[in-house]
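Q: To start, I am sharing the structure in question, which I have written as structure tokens.
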Amino acid sequence: MVLLKRFLPYVCMLGEGRKDSIARRQGKTIEWRFMDSFPKATTPLTEGTPPSDTAMTWTKVTATIAQYGAWTKMSDLLIHQGIDSVWTEASEAFGENAGQTIHTVLINILAAGTNVRYADAVANRASVAAANVYDAAENRRARRILAGAKVHGYSDGFHALIHPDVMESFVADGTVEKIAQYGSGGVSKRDGVDLLDGVVMRYGGFKYMESTDAPIFAGAGSGGIDVYGTFHYGPDWFGEVDLAAKPLGTANADTNKLSGVQVVGIPLEQTDRADPLRQYGVIGWQTYYTSAILQQARGLRTESSAAA
């Protein structure tokens with residue numbers, strides 16, 4: 001008689017990118033343009049002689065939006081006589097489904113980024129072995145790489161997305177475990193910036209967000225082990241796009257729902273040729289979305305093994 005609460009992954013990276021919308025009647029493709037940094041002018045000027053001009057160079061990234069959605073139908077008997085409130089439950093489940101679907105689309109795009117490091121500096125993904133776990137040393141190296149590329153953090157530092165299996169290995173590192181228990185100053189803190197707090201851990205300059213959506217490259221490592229990707233990034237690593245006519249809205253990490261996604265229902269009472277006897281109702285969702293990596297150097301993917 002009791003509907004059990006599902007255990008669902010968090011959609012924590014939705015809304016982390018640069019948000020843009022394509023205006024009405026402006027097609028399906030967006031283009032981002034960035035002026036590249038000018039080189040340092042370290043050569044002294046010659047008195048009375050203007051130097052050569054410095055050319056502007058631009059980087060552009062384009063992305064084409066796509067439509068996503070799902071639906072189901074329910075019989076009149078199920079709606080009227082089912083033990084559970086199936087219409088309400090289906091609406092909530094589709095709200096979660098929309099968030100999880102779009103989050104997975106985003107993660108798949110980011111998992112193809114070209115700025116990658118393999119744990120313990122092994123040569124490639126196929127060389128990642130069981131011993132090449134994500135630990136405090138990989139945390140430091142990720143921060144060094146981002147800082148070396150002059151990437152700025154968010155107001156609360158750099159962000160990272162980590163799989164629960166990798167988080168287990170990470171926290172098992174003695175250094176991380178000690179700080180998680182006692183705080184960086186050696187005094188126990190429950191709300192300090194270095195402690196494990198639900199699905200978020202702040203450590204080493206990163207806010208780690210935990211999700212089962214973090215990429216897994218199944219069987220791609222040494223001996224056929226799974227290889228896991230951990231994202232480290234700052235602002236403007238990626239962009240997210242919806243349509244002004246059908247805005248995606250924002251994600252709620254507690255419910256996994258997208259506030260801008262409308263769940264649409266066609267009730268039993270509506271008759272058409274496909275259902276002349278009004279024997280079923282229809283419920284579903286649809287939205288438009290795309291994403292793209294804007295500046296590769298602003299994000300880093302560390303590939304490692306994870307706890308068995």
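The values are calculated or read from the model by the stated rules, or taken from the named source; none is laboratory data. The model shown is predicted, which means the values in this text are computed figures rather than measured ones. No Cβ is skipped: glycine too gets one built from the backbone with ideal geometry, and neighbour counts run over all protein chains shown. Note: areas computed on protein heavy atoms with side chains; ligands, DNA, RNA excluded. Shrake-Rupley method; radii C 1.70, N 1.55, O 1.52, S 1.80 Å.
Q: Would you calculate the volume per residue, in Å³, of the smallest convex hull containing every Cα atom of the chain? Before the final figure, lay out each step's value.
A: Working: hull volume 61.5 nm³, N = 308.
So the per-residue hull volume is 200 Å³.
Q: Considering all projection directions equally, how large on average is the shadow of the alpha-carbon convex hull of the stretch 1-137, in square nanometres?
A: On the way: hull surface 73.7 nm².
In nm², the orientation-averaged hull projection of the stretch 1-137 is 18.4.
Q: Based on Cα coordinates alone, diagonalise the gyration tensor for the stretch 208-308, multiply each eigenvalue by 5, take square roots, and list the semi-axes in whole Å, largest first. Working shown, then result.
A: Details: eigenvalues 309, 87, 30 Å².
Over the Cα atoms of the stretch 208-308, the semi-axes work out to 39, 21, 12 Å.
Q: Testing the spin-label approximation: label points 7 Å from Cα along Cα→Cβ at ASP36 and ALA218. State their distance in nm.
A: 4.0
Q: Around ASN115, what is the net charge, scoring Lys/Arg as +1 and Asp/Glu as -1 over all other residues with Cβ under 11 Å from its Cβ? Intermediate results must be reported in sequence, preceding the final value.
A: On the way: positive: ARG117, ARG298, ARG301; negative: none.
Value of the local net charge: +3.
Q: How do the peptides 286-297, 95-106, 264-275 rank, highest first, by the average count of neighbouring beta carbon atoms within 10 Å per residue?
A: Values: 286-297: 19.3, 95-106: 21.2, 264-275: 11.5.
Listed from highest to lowest mean packing, they are 95-106, 286-297, 264-275.
Q: Then there is this: Ratio of alpha-carbon Rg to the 2.2 N^0.38 Å globular estimate for the stretch 85-157, to two decimals, please. Present the calculation step by step, with values, prior to reporting the outcome.
A: Numbers: Rg = 18.6 Å, N = 73, 2.2 N^0.38 = 11.2 Å.
After normalising by residue count via 2.2 N^0.38 Å, the value is 1.66.
Q: Cα atoms only, the stretch 118-164: Rg and Dmax in Å?
A: Values for the stretch 118-164 (Cα only, Rg and Dmax): 12.5, 36 Å.
Q: Sticking with this one: What dipole magnitude, in Debye to the nearest 20, does the chain give about its Cα centre under +1 on Lys/Arg Cβ and -1 on Asp/Glu Cβ? Working shown, then result.
A: Details: 29 positive and 33 negative charges, 145 e Å.
Around 700 debye, computed over the chain.
Q: Need the full-extension length gain, SER85 to GLN67, defined as separation in residues times 0.36 nm minus the C-alpha distance. One decimal, nm.
A: Working: separation 18, 0.36 × 18 = 6.48 nm, distance 2.89 nm.
Extra length available between SER85 and GLN67 comes to 3.6 nm.
Q: Per residue, how much accessible area does the stretch 221-308 show when a 1.4 Å probe rolls over the protein heavy atoms, in square angstrom? Walk me through the numbers before you get to the answer.
A: Values: 3740 Å² over 88 residues.
About 42 Å² of surface per residue is accessible.
Q: Looking at the stretch 8-72, which chymotrypsin sites (Phe, Trp or Tyr not before Pro) are DSSP coil and have at most 10 other C-beta atoms within 10 Å of their C-beta? Write down the numbers at each step before the final one.
A: Details: sites: TYR10, TRP32, PHE34, TRP58, TYR68, TRP71; in loops: TYR10.
Taking the stretch 8-72 and a limit of 10 other Cβ atoms within 10 Å, no loop chymotrypsin sites (Phe, Trp or Tyr not before Pro) are found.
Q: In nm, give the distance between the simple-model label positions of GLN296 and THR175, each being 7 Å from the Cα along the Cα-to-Cβ direction.
A: Reported label-point gap for GLN296 and THR175 is 2.9 nm.
Q: Here's another thing I want to ask about it. Please report, to one decimal in angstroms, the Kirkwood hydrodynamic radius of the stretch 8-64 built from all distinct Cα-Cα pairs.
A: Numbers: mean 1/r = 0.0617 Å⁻¹.
Kirkwood radius, the stretch 8-64: 16.2 Å.
Q: Rounded to two decimal places and with Rh computed the Kirkwood way over Cα pairs, what is Rg over Rh for the stretch 249-308? Please list the in-between numbers first.
A: On the way: Rg = 20.9 Å, Rh = 16.5 Å.
Taking Rh as the inverse mean 1/r over Cα pairs, Rg/Rh reads 1.26.
Q: Full extension from ALA137 to ASP236: what is 0.36 nm times the residue separation minus their Cα-Cα distance, to one decimal in nm?
A: So the chain would gain 33.1 nm between ALA137 and ASP236.
Q: Across the chain, how many lysine pairs, 8 or more positions apart or on different chains, have C-alpha atoms separated by under 15 Å? Please give the number. List each step's numbers first, then the result.
A: Working: LYS5/LYS257; LYS19/LYS246; LYS28/LYS246; LYS40/LYS150; LYS178/LYS189.
Eligible lysine pairs with Cα atoms under 15 Å apart amount to 5.
Q: Let me ask something additional. Go ahead and collect, in residue order, the members of the stretch 44-75 whose backbone nitrogen is under 13 Å from a label point 7 Å along the Cα-Cβ direction of THR29.
A: Of the residues in the stretch 44-75, 61-65 have backbone N under 13 Å from the label point off THR29.
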